[in-house]
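J.: Before anything else, here's the structure in question.
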């Protein structure tokens, strides 16, 4: 079975209200990439520091400062019963602005 490169956009939503996105490339099985992609990303995001290597610099994200992570495109459904399957976003996330 062959391997193929998959481009994913990963957005880190920080607990201070800021966010930043990165385009990453992961290699996974060509015929069913989702289990391998999910495992690879979950493994990296479970680290205390998540390293990202860009052409100009290496960035370490302190995962304690991250509220959530969004990934596009979807990583497909898994058999994990701890996930919400067939979820649909009804409203976009909103944050209240702080008045100084």
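J.: From 20, 26, which residue is farther than 19 Å from residue 76 by Cβ and at pLDDT 85 or above?
T.: Going through 20, 26 in turn, the sole match is 20.
J.: In segment 30-50, what count of residues is obtained for those that are in a helix (DSSP H, G or I), closer than 13 Å to residue 73 by Cα and more than 11 Å from the chain's Cα centre (by Cα)?
T.: Residues in segment 30-50 being in a helix (DSSP H, G or I), closer than 13 Å to residue 73 by Cα and more than 11 Å from the chain's Cα centre (by Cα): 1 in total.
J.: From the residues in segment 1-13 that are more than 12 Å from the chain's Cα centre (by Cα), in contact (Cβ under 8 Å) with a residue 24 or more places away in the chain and outside any loop (DSSP other than H, G, I, E, B), which one is nearest to residue 65 (Cα to Cα)?
T.: 6
J.: While we're here: Quick one: residue 58 ticks every box in (1) over 21 Å from residue 6 (Cβ atoms); (2) over 15 Å from the mean Cα position of the chain (by Cα); (3) surrounded by 15 or more Cβ atoms within 10 Å (Cβ to Cβ) bar one, so which box is it?
T.: For residue 58, the failing item is (3).
J.: Another question about this same structure. Being over 15 Å from the mean Cα position of the chain (by Cα) and exposed (fewer than 12 other Cβ atoms within 10 Å of the Cβ) is the filter here, so list the residues in segment 14-29 that pass it.
T.: Answer for segment 14-29, where residues must be over 15 Å from the mean Cα position of the chain (by Cα) and exposed (fewer than 12 other Cβ atoms within 10 Å of the Cβ): 15, 16, 17, 18.
The values are calculated or read from the model by the stated rules, or taken from the named source; none is laboratory data. Keep in mind that what you see is a predicted model, and the values were worked out from it rather than measured. In this analysis, Cβ positions are derived from the backbone assuming ideal geometry, glycine residues included, and neighbour counts consider all displayed protein chains.
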